[in-house]
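A.B. asks: The structure under discussion is supplied below as structure tokens; questions concerning it will follow.
The values are calculated or read from the model by the stated rules, or taken from the named source; none is laboratory data. What you are looking at is a predicted structure, and each value in this text was computed from that prediction instead of being measured. As a convention, Cβ positions derive from the backbone with ideal geometry for all residues, glycine included, and neighbour counts pool all protein chains shown.
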Amino acid sequence: MRALIIAALALASLARAASAADAPVHLVAGYKALFTCSATFLSSRSTDQIARNELTGIYPEYTAPMKKLAAAQIDRRRGWVSVTYDPQMPPRMAFYRGTLGCVLLPPGAGSSLRLVGVTLPDERDKARDIAWPGGDRMTDTPLGVNARHKLGPVLKAAFDAKTYGKDSRTSAVVVASRTKLLAEAYAPDSGVYIPQRTWSVAKSLMGAVIGVAVKERLINIDEPVAFRSWAAPGDPRAKITFRHLMNMASGLDAGAAGNRTDEVYFGGGLVEEHAMTRELAAAPGMHWNYANNDTLLLSYGLRERIRDDRVYLAYPYEKLFRRIGMRHTTAETDWGGTFILSSQVWTTARDLTRFGLLLLNDGKWAGQDILPAGWVKYMGTPAPAQPPLERANGDQLPGYGAQIWLFGKRHGLPEGTLAAQGNRGQYVVVVPSRGLVIVRRGYDGDGARFAVDKFAIDVLKALP
């Protein structure tokens, strides 16, 4: 009997451990509601495609609870998506609202929750009639995976799930020079006009938006962000500047993993309630720590400087995206109206290529200065505090600038190479010395890693 009791206790302990390893179900339901909403209304995905691409390959602790959830209910007429998760609670809900994409409501909220928003004209159809790079009309057909060119086999290898990373899942690849879209290829269920979530590639977009604000003298990056909630006399966070946030060196505690802000991303939490309430763990500027919250604070800091929510919500569209032809790009907000520009942007491979071209051309587009003079150089300057040189397995890590990653000779790439990088294999690589932009989109599962440095090296070797 004693042995049976011990065995039963051991089994109960294992069950508790397995349960503790699973993510809270309200977060998983929020993930499903939000991704289903964005993929349905922004990407015109079918439920099968959403299940195969957006709802698989996610964080391991989300996998088992995700499988147990009921199917998402989609109201296409009203733009609502709901996911039931607890009989005692209303379903998790996400709402599509046009220009601003989908917004996830907090647990327990219903359709009566008041949201701040903005509506801009839909410009997606304009792209077909405008020549590249401002639009999608091509003078030459880009190379593909079957091209009789050295680049053809490289593109093909990007999709084979082994050459550049075991079990990697490439959805799109684009290679462009300053004047021409040289090559592109897509997985069967992806395409030119099918946006995906950028994940942390959005951070580099946020860095460019801050550059626009600097150009317009809304922000001085060396002044304290000076949030009202940090204004109490003696609050040490009052010393944190925009530059500290740009360099991922705020010094704020970011939890066990700075790239996990699930409460905001999937919980329906507000940026101001989560990112702004962390205490200092290090002196500002002295320690590099990759933290979603630093980028989220940039977004909220811009909102406080603009002081008009309708102007703020139109800002990235009118000041950046649409000025460089990114007409299939949608930035989403929390339900309080702050852009989640650390991750929550949906866009296409071509639009990300346009962003890369903006960086390649030193912030200029069609003869106009979109970013202030020297801003791209500033983004590409190593931050005073840097990440480790390599991963635990010996792979070389890139350096870090201002909301962008830095590659160079130790990675086998030309010095000055910039890269915006995001979860599940989203990459925008800018190689100024070669005048090239390389974009790779993916649905890599947790644990799979696409070797973007090796891919970029092979692309460069294949081109004269």
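A.B. asks: Residues in region 101-116 that are touching a strand residue (DSSP E or B) at 6+ places or on another chain (Cβ under 9 Å) and loosely packed, with under 13 Cβ neighbours inside 10 Å: how many?
C.D. replies: 2
A.B. asks: Additional query: Given (1) within 28 Å of ARG217 (Cβ to Cβ); (2) surrounded by fewer than 16 Cβ atoms within 10 Å (Cβ to Cβ); (3) of a type outside the set (Ser, Thr, Tyr), identify the lone condition not met by GLY408.
C.D. replies: Of (1) within 28 Å of ARG217 (Cβ to Cβ); (2) surrounded by fewer than 16 Cβ atoms within 10 Å (Cβ to Cβ); (3) of a type outside the set (Ser, Thr, Tyr), only one is false for GLY408: (1).
A.B. asks: If we scan region 420-442, do we find a residue that is within 21 Å of SER171 (Cβ to Cβ), of a type in the set (Val, Ile, Thr), assigned to a strand (DSSP E or B) and touching a Ser or Thr at 6+ places or on another chain (Cβ under 6 Å)?
C.D. replies: There is at least one residue in region 420-442 that is within 21 Å of SER171 (Cβ to Cβ), of a type in the set (Val, Ile, Thr), assigned to a strand (DSSP E or B) and touching a Ser or Thr at 6+ places or on another chain (Cβ under 6 Å).
A.B. asks: Looking at the structure I just gave you, is PHE242 over 25 Å from VAL103 (Cα atoms) and of a type in the set (Phe, Trp, Tyr)?
C.D. replies: yes
A.B. asks: Yes or no: ALA183 more than 18 Å from the chain's Cα centre (by Cα), outside any loop (DSSP other than H, G, I, E, B) and among the small types (Gly, Ala, Ser)?
C.D. replies: The answer is yes for ALA183.
A.B. asks: Give me a count of the residues in region 405-464 that are under 18 Å from the mean Cα position of the chain (by Cα) and of a type in the set (Ser, Thr, Tyr).
C.D. replies: Going through region 405-464 one residue at a time, the tally reaches 2.
A.B. asks: Condition first: assigned to a loop (DSSP other than H, G, I, E, B) and surrounded by fewer than 18 Cβ atoms within 10 Å (Cβ to Cβ). Now tell me which residues in region 362-378 satisfy that.
C.D. replies: ASP362, ALA366, GLY367, PRO372, ALA373, GLY374
A.B. asks: Also, quick follow-up: Could you grab me the full set of residues in region 447-464 that are assigned to a helix (DSSP H, G or I) and hydrophobic (A, V, I, L, M, F, W, C)?
C.D. replies: Once the filter is applied, which keeps residues that are assigned to a helix (DSSP H, G or I) and hydrophobic (A, V, I, L, M, F, W, C), region 447-464 yields VAL452, PHE455, ALA456, ILE457, VAL459, LEU460, ALA462.
Yes or no, residue by residue, for (1) closer than 24 Å to CYS37 by Cβ; (2) assigned by TED's automatic domain parsing to the domain that holds GLU415; (3) surrounded by fewer than 17 Cβ atoms within 10 Å (Cβ to Cβ):
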position: THR329; (1), (2), (3): yes, no, no
position: VAL345; (1), (2), (3): yes, yes, no
position: ARG350; (1), (2), (3): yes, yes, no
position: GLY380; (1), (2), (3): no, yes, no
position: GLU390; (1), (2), (3): no, yes, yes
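A.B. asks: VAL311 versus (1) buried (at least 22 other Cβ atoms within 10 Å of the Cβ); (2) without any contact (Cβ under 8 Å) to a residue 24 or more places away in the chain: which is the lone unmet condition?
C.D. replies: Answer for VAL311: the failing condition is (1).
A.B. asks: Next question, about the same structure. If ALA23 satisfies all but one of (1) in a helix (DSSP H, G or I); (2) more than 19 Å from the chain's Cα centre (by Cα), what's the number of the condition it fails?
C.D. replies: Going through the list (1) in a helix (DSSP H, G or I); (2) more than 19 Å from the chain's Cα centre (by Cα), ALA23 breaks only (1).
A.B. asks: In region 350-391, which residues are more than 27 Å from TYR300 (Cα to Cα) and either hydroxyl-bearing (Ser, Thr, Tyr) or under 16 Å from the mean Cα position of the chain (by Cα) (or both)?
C.D. replies: If the condition is that a residue be more than 27 Å from TYR300 (Cα to Cα) and either hydroxyl-bearing (Ser, Thr, Tyr) or under 16 Å from the mean Cα position of the chain (by Cα) (or both), then ARG350 is the only one that fits.
A.B. asks: Just one of GLU332, GLU304 is at pLDDT 95 or above and either among the aliphatic types (A, V, I, L, M) or more than 16 Å from ARG197 (Cβ to Cβ) (or both); which is it?
C.D. replies: None of the other options fit; the residue is GLU304.
A.B. asks: Okay, next question. How many residues are basic (Lys, Arg) and under 13 Å from VAL81 (Cα atoms) when one looks only at region 95-128?
C.D. replies: Selection size over region 95-128: 1.
A.B. asks: Additional query: Would a scan of region 130-141 turn up a residue that is of a type in the set (D, E, K, R), part of a loop (DSSP other than H, G, I, E, B) and in contact with a helix residue (DSSP H, G or I) (Cβ under 6 Å, 6 or more places away or on another chain)?
C.D. replies: yes
A.B. asks: Still on this structure, please answer the following. Are any residues in region 402-413 in a loop (DSSP other than H, G, I, E, B) and either in contact with a strand residue (DSSP E or B) (Cβ under 6 Å, 6 or more places away or on another chain) or among the acidic types (Asp, Glu) (or both), and if so, which ones?
C.D. replies: Scanning region 402-413 gives ILE404, LEU413.
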